[in-house]
Amino acid sequence: MSRLAIVYAAHRNIRGHARSRMALSQQTIRFVTTQDEVRLAWAQCGPGLPTAPAMVKAANWITHLEYDWESPVWRHWVRFLCEHFQLLRYDERGCGLSQQDVQDVSSANWLPDLEAVVDAARPAEPFVLLGISQGACASIAYAVRHPEKVSHLVLYGGYVRGWALRENPDHVREYSALVDFAELAWGRPDPLYRRLFTKRFLPAGSEEQLQWFDELCAKTVRPAMAGRLLRSRGQADAADLLGQVRVPTLVVHARGDLVSPISQGQQLAAGIPGAEFVQVDSPNHILLEHEPAWQRFQDAVLDFTGVKSRAEDRLFDRLAPREREILAKLVGGLSNTEIGKALFISEKTVRNQLTRIFDKLGVANRAQAIVFARDHGFRVDE
């Protein structure tokens, strides 16, 4: 069957969010139907700059293309990636906005589902491929099969083998018990049942973050599907593919990760030729916004992909020459009246131009514009 992409009525303008430092393009959700007749939801968003590099994020556990924008668990991930890349992401089968009533959720579908989304969305190639948690296995398989399409491979919190295939019998028994418990208690109204599971993902999470993650779990995965998805992770195995990866690879892993032990990240980096390994100091499987490890992850990704310097150079490309002149005067400490006199324009024109500048930079006022310009290396002599 031909793959079909249809527009979902969900456009989301991210520019106004208080944490957003750039004007982001709208998120548009679409669907693609896979070869085995499963409907997958995917979305794209970016910094509004056509020159921003493309990134494809493979699916991972517990995502929802809409809820992720608001969740304190995922929103900083999505916003960071959309501020620096033309991001393509999707909900896995059985999860989020993708089809829920699915018969086959085995790990064998991870690669063809990723291929289906990429074929439908057609991101600019070569693109950065990001695999988080089980998304690492799918990303490795994709990079091996399509090396010409991948410029950089970034793996965070990934693993070589799923929990059921690992050599540590205690780990296997522990995780198997958690899966059994999830099948029994996932749909119960008392979140304390799910809390045993979510606490492994966010052991250092605040009560608000844990509550959000509990709610995300309940909203994105039906009780009957939760155990099936968890069991599918147990059978994932990328061991035979590691040595075949031929694209630059960065492996980042949290030192205290309980879901995917750091030994798994070390094995990934050791098995992939030339891979870089970065350990971040966190107990969380999902890095939280205010922990130092999150900043370390961002720096590592931007440095590895070469986006950091290019992104800061491009931040002000959206400004017209006159707008750059006005911003330079503003950063230099001039008032509207002084800017008008220096540039031989009226004070009203200065105000109108500043409004457009604020809008393009995604800031609300003069003070924010000055801080933004200084933080991002705007040169007063531009």
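Bear in mind that the values in this text are calculations on the coordinates, not laboratory data. Since the model is a prediction, treat every value here as computed from it, not as a measurement. Backbone-built Cβ (ideal geometry, glycine too); neighbour counts: all protein chains shown.
Judged by the mean number of other Cβ atoms found within 10 Å, the most tightly packed of the peptides 81-92, 342-353 leads the ranking 81-92, 342-353. Near Ala218: Cβ cut-off under 13 Å, other residues only, Lys/Arg at +1 and Asp/Glu at -1. The net charge is +2. The label point for Gln279 and the one for Arg188, both projected 7 Å from the Cα toward the Cβ, are 3.8 nm apart. Note on the chain: lysine pairs with Cα distance below 30 Å, sequence gap of 8 or more or different chains, count 14. Note on the chain: helix-only mean residue ellipticity at 222 nm, from DSSP H runs of 4+ residues weighted -39500 (n - 2.57) and normalised by residue number, equals -13000 deg cm²/dmol. Place a point 7 Å from Cα of Asp36 in the direction of its Cβ. Which residues in region 112-133 have their backbone N less than 16 Å from it? Hits in region 112-133 for Asp36 at 16 Å: 112-117.
Taking the convex hull of the Cα atoms, report for region 235-311 its projected area averaged over all directions, in nm². Average of the hull's projected areas for region 235-311 equals 5.9 nm².
Close amide-amide hydrogen proximity is noted between Val128 and Ala54, Met55, Val56, Ser151, His152, each under 5 Å apart and 5 or more residues distant or on a separate chain (H modeled in the peptide plane; Pro and chain starts excluded).
Taking every DSSP beta bridge that has both ends in the chain, the antiparallel portion is near 45%. Stretched out straight at 0.36 nm per residue, the stretch from Ala367 to Asp303 would grow longer than its current Cα-Cα span by 20.2 nm.
Packing-based ranking of 124-137, 244-257, 168-181, 281-294 yields 124-137, 244-257, 281-294, 168-181, ordered from highest to lowest mean Cβ neighbour count within 10 Å.
Each label point was placed 7 Å from the Cα along the Cα-to-Cβ direction; for Ala108 and Arg351 their separation is 6.8 nm. Each other residue within a Cβ distance under 13 Å of Gly340 adds +1 if Lys or Arg and -1 if Asp or Glu, for a net charge of +2. Which whole-number percentage describes the relative contact order of the chain, with Cα contacts under 8 Å and a sequence gap of 6 or more? This gives 15 percent for the chain.
The convex hull of the Cα atoms of the chain, projected and averaged over all directions, covers 19.7 nm². Normalised by the number of residues in region 319-375, the mean separation of alpha-carbon contacts (under 8 Å, six or more apart) gives a relative contact order of 35 percent. Region 172-224 and region 317-332 have Cα centres separated by 50 Å.
Comparing Leu361, Leu114, Leu330 in a Gaussian network model of the chain (Cα springs below 10 Å), the most mobile by mean-square fluctuation is Leu330.
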